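Scroll down for the structure; my scribbles are underneath it.
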Amino acid sequence: MHVLMTGSSGLVGSALTAFLEGSGQTVRRLRRAPSDAADSTSWNPSDGTFAPGAFDGIDAVVHLAGESIASGRWSAARKRRIRDSRVTGTQRLCEALLRLDEPPAVFVSASAIGFYGDRGAARLDESSAPGTGFLPHVCREWEAAAAPLRERGLRVVHLRIGIVLDESGGALKQMLRRSGSASAVSWGRAIST
Ligand SMILES: NC(=O)c1ccc[n+]([C@@H]2O[C@H](COP(=O)([O-])OP(=O)(O)OC[C@H]3O[C@@H](n4cnc5c(N)ncnc54)[C@H](OP(=O)(O)O)[C@@H]3O)[C@@H](O)[C@H]2O)c1
């Protein structure tokens with residue numbers, strides 16, 4: 001398959017790219033920074049401009065892009081970037097796919113367990129209702145932004161990813177910088193607020 005991937009340079013995207021390419025698939029990296037690399041193309045998630053040919057010959061899109069939630073204090077401006085980079089970025093990408101004569105069959109889009117919010121010890125699954133608060137709200141808008149593709153008949157998959165633990169980045173790298181389990185607890189509280 002020929003896969004177009006946003007966020008390919010991130011923690012999840014770099015591992016997924018290596019996995020897909022290692023199994024014989026082709027990944028075209030859709031990055032914000034223009035690149036001359038043969039395996040890359042570029043876009044602007046805010047205004048929805050795409051480099052010519054970005055969508056040529058693709059079978060599937062994996063959409064992982066979004067402002068990091070694990071680095072930096074959640075100021076009002078940062079929360080806006082966390083939300084807009086996901087919701088507006090997904091809207092712009094979906095609009096572009098809808099303009100194609102032959103859109104890809106599958107759109108796989110990151111979401112997060114943040115969809116559910118902090119529900120204590122309640123057992124939750126994909127049929128559970130969303131929680132309340134900032135992250136559940138963002139996740140709902142983020143997932144809803146891809147609805148027009150489903151209406152057009154594409155298979156749309158929302159990955160409600162849990163906290164990815166890898167020493168090279170993301171939450172675990174932040175937690176390892178500090179000592180003791182208290183930091184892990186406070187990080188968990190911060191992301192479920
Ligand atoms: N890691 C986790 O624990 C976790 C948990 C739940 C959900 N998720 C979700 O899964 C997705 C991938 O996670 P990740 O940990 O791989 O993320 P990441 O390492 O922060 O990488 C995200 C990628 O998104 C692009 N990006 C960064 N800032 C952006 C902005 N302001 N606007 C648009 N694109 C931006 C960058 O790609 P380019 O520079 O190449 O454009 C970056 O490499 C994210 O949407 C995240 O919310 C992750």
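The values are calculated or read from the model by the stated rules, or taken from the named source; none is laboratory data. Small disclaimer: the values here were computed from a predicted structure and weren't measured. Glycine gets a Cβ as well: all are built from the backbone with ideal geometry, and neighbour counts include every protein chain shown. Heads up: the accessible areas ignore ligands, DNA and RNA and are worked out on the full protein's heavy atoms, side chains in. Shrake-Rupley method; radii C 1.70, N 1.55, O 1.52, S 1.80 Å.
Quick notes on this structure:
- Candidates 38, 33 - the one that is within 8 Å of the ligand (Cβ to nearest atom), exposed (fewer than 15 other Cβ atoms within 10 Å of the Cβ) and in a loop (DSSP other than H, G, I, E, B): 33
- Residue match in the stretch 50-62 (condition: open to solvent by 60 Å² or more (accessible area, probe 1.4 Å), closer than 12 Å to residue 32 by Cα and in a strand (DSSP E or B)): no
- So residue 114, is it in contact with a Pro (Cβ under 7 Å, 6 or more places away or on another chain), of a type outside the set (D, E, K, R) and under 23 Å from residue 31 (Cα atoms): no
- Check on residue 65, touching a helix residue (DSSP H, G or I) at 6+ places or on another chain (Cβ under 6 Å), at pLDDT 95 or above and of a type in the set (Gly, Ala, Ser): yes
- Scan the stretch 166-176 for residues that are without any contact (Cβ under 8 Å) to a residue 24 or more places away in the chain and open to solvent by less than 70 Å² (accessible area, probe 1.4 Å) and the total you get is 2.
- The helices (runs of 4 or more DSSP H) found entirely in the stretch 67-165 that carry 3 or more residues being closer than 30 Å to residue 1 by Cα, within 11 Å of the ligand (Cβ to nearest atom) and open to solvent by less than 40 Å² (accessible area, probe 1.4 Å) are 76-98.
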